[in-house]
Ligand SMILES: [Zn+2]
Ligand SMILES: [Zn+2]
């Protein structure tokens, strides 16, 4: 496939960005990927620079006063964040929250975490087990629809076991 | 410092028998990005903080049963060649080499490792041969739980694990498979497949050996989005899509053989001849012939070789490995000599 940017070289990197439900395909050759700073030494892929490259689009809307924002812990400024596409410390997520949320929606299509939760966060352990059960129930439906009854029976046992563990330990349970 | 690794062979994890879908899928890898709540991210942190992070992670690793045979390797103590060896074994990357106070904790079978002070404080990694996304995730998930028992991770319930770059936030998970698709390349269906896959929220790129040209038939497929989907959903999705690609690849291989078996066999047996007799082999030439031999295993044309042997060769014939096993810094032509010799020896060994 030809590189969609220079229309000369063979494309070696393929991905799509979905922004506001609009999907843009990228098929890039190596030198274009390097020019766009999304490929570094040893051919490592740095998608974050593409995101940093998206920042100029957003800049005209941002009032000048906003750029005075700086993280009280690491000192990173809003401008610094836009230039590098990187945050300085965990606290930055709070400092730049208002800028981050739209950015996360741009990158990931949503700004809400639905994955793993650390065990130590109170109900974290139980929370993860509940998610595990949900996943097993999905598997169970799939197994039954494909008439794999042996697998279904096995999954059902797993669900029962986790449910009884959750009942007996109350909440946190490390596997 | 000498690396506490067996340089005669690759990591033991690569040598396991019967990798699922191993005819098409070389390996599965899952990496989790984690940071400690009380320190700045590595690119901002000062030396004191970086040292504290490194110590805290080493201590946590020491308490994990999963890392009970692990070595802690401090990157700044290694020679350039030793660093490159770790890159060739997929244990570290360029960014960790550039980090001032980085380390890598490597479990003995090399399937499990933790990079410390790369872009994030921790990059926890698990690898498995073949298509084993879900198992690989389970392993890395348990190690993450182990480490979390000691470490205080930066996490927010709304957006998940905090990472230096917002592209990794949420699950912090990057899951990938390395696939070998000579059939789809040869039958010119590869563009269609690459387009389809990129629209499914996955990124695909050529896979690089030595040099600047990607190895034409190898591709790495990984998730692009780390937030708003659960880990199981992400790995499950990659596994399902990869399984579909693998079945398309097999169809293409079958079609190629039925259409023109003479041409297919000729390419394979030429590769076999060259690899067993050549005196000088560039990385590019060697890689393309080794790739042809993977097909020989698939078509059951040559019985003395296995896919695992070939997967290992891909690692062992890279420059830093050649230098370390010959005990000196080799120039380009000397490397070609050493590479040809290593391949000749390996391909004459009978499999057990
Ligand atoms: Zn180009
Ligand atoms: Zn900060």
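The values are calculated or read from the model by the stated rules, or taken from the named source; none is laboratory data. If you're wondering where the values come from, they're calculated on a predicted model, not measured in any experiment. With ideal geometry, Cβ positions are generated from the backbone for all residues, glycine too; neighbour counts draw on all protein chains shown.
Listed here are the residues, each with its yes/no results for (1) closer than 23 Å to residue B:225 by Cβ; (2) at pLDDT below 85; (3) touching a helix residue (DSSP H, G or I) at 6+ places or on another chain (Cβ under 7 Å); (4) at the interface with chain B (Cβ under 8 Å from one of its Cβ atoms).
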{"site": "A:46", "(1), (2), (3), (4)": "yes, yes, no, no"}
{"site": "A:51", "(1), (2), (3), (4)": "yes, yes, yes, yes"}
{"site": "A:59", "(1), (2), (3), (4)": "no, yes, no, no"}
{"site": "A:64", "(1), (2), (3), (4)": "no, yes, no, no"}
{"site": "A:68", "(1), (2), (3), (4)": "no, yes, no, no"}
{"site": "A:74", "(1), (2), (3), (4)": "no, no, yes, yes"}
{"site": "A:93", "(1), (2), (3), (4)": "yes, no, yes, yes"}
{"site": "A:98", "(1), (2), (3), (4)": "yes, no, no, no"}
{"site": "A:109", "(1), (2), (3), (4)": "yes, yes, no, yes"}
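So is residue B:106 out of contact with any strand residue (DSSP E or B) (no Cβ under 6 Å at 6 or more places or on another chain) and surrounded by 21 or more Cβ atoms within 10 Å (Cβ to Cβ) or not? So residue B:106 does not fit the description; no. Residues that are farther than 30 Å from residue A:102 by Cα, away from chain A (no Cβ under 13 Å) and part of a helix (DSSP H, G or I) do not occur anywhere in region B:144-152. Filtering region B:172-187 to residues that are farther than 15 Å from residue B:237 by Cβ and within 10 Å of another protein chain (Cβ to nearest Cβ) leaves only B:172.
Restricting attention to region B:94-110, the residues that are outside any loop (DSSP other than H, G, I, E, B) and within 14 Å of another protein chain (Cβ to nearest Cβ) add up to 5. Of all the residues in region B:60-88, those that are within 14 Å of chain A (Cβ to nearest Cβ) and touching a helix residue (DSSP H, G or I) at 6+ places or on another chain (Cβ under 6 Å) number 7. Taking the residues in region B:221-252 that are at pLDDT 90 or above and within 9 Å of another protein chain (Cβ to nearest Cβ) as candidates, determine which candidate is farthest from residue B:315 (Cα to Cα). Only one residue fits best here, namely B:230. In the condition set (1) touching a strand residue (DSSP E or B) at 6+ places or on another chain (Cβ under 6 Å); (2) at pLDDT 95 or above, residue B:47 is compliant with all but (1). Scanning region B:294-341 for residues that are part of a loop (DSSP other than H, G, I, E, B) and free of Cβ contacts under 8 Å to residues at least 40 places away in the same chain returns B:300, B:301, B:302, B:303, B:317, B:327, B:328, B:330, B:331.
Within region A:85-109, can you find the residues that are within 13 Å of ligand 2 (Cβ to nearest atom), part of a loop (DSSP other than H, G, I, E, B) and crowded, with 22+ Cβ neighbours inside 10 Å? Selection gives A:86, A:87, A:88, A:89, A:90, A:96. Going by the conditions given, is residue B:259 farther than 30 Å from residue A:111 by Cα, more than 8 Å from chain A (Cβ to nearest Cβ), part of a helix (DSSP H, G or I) and out of contact with any helix residue (DSSP H, G or I) (no Cβ under 9 Å at 6 or more places or on another chain)? The answer is yes for residue B:259.
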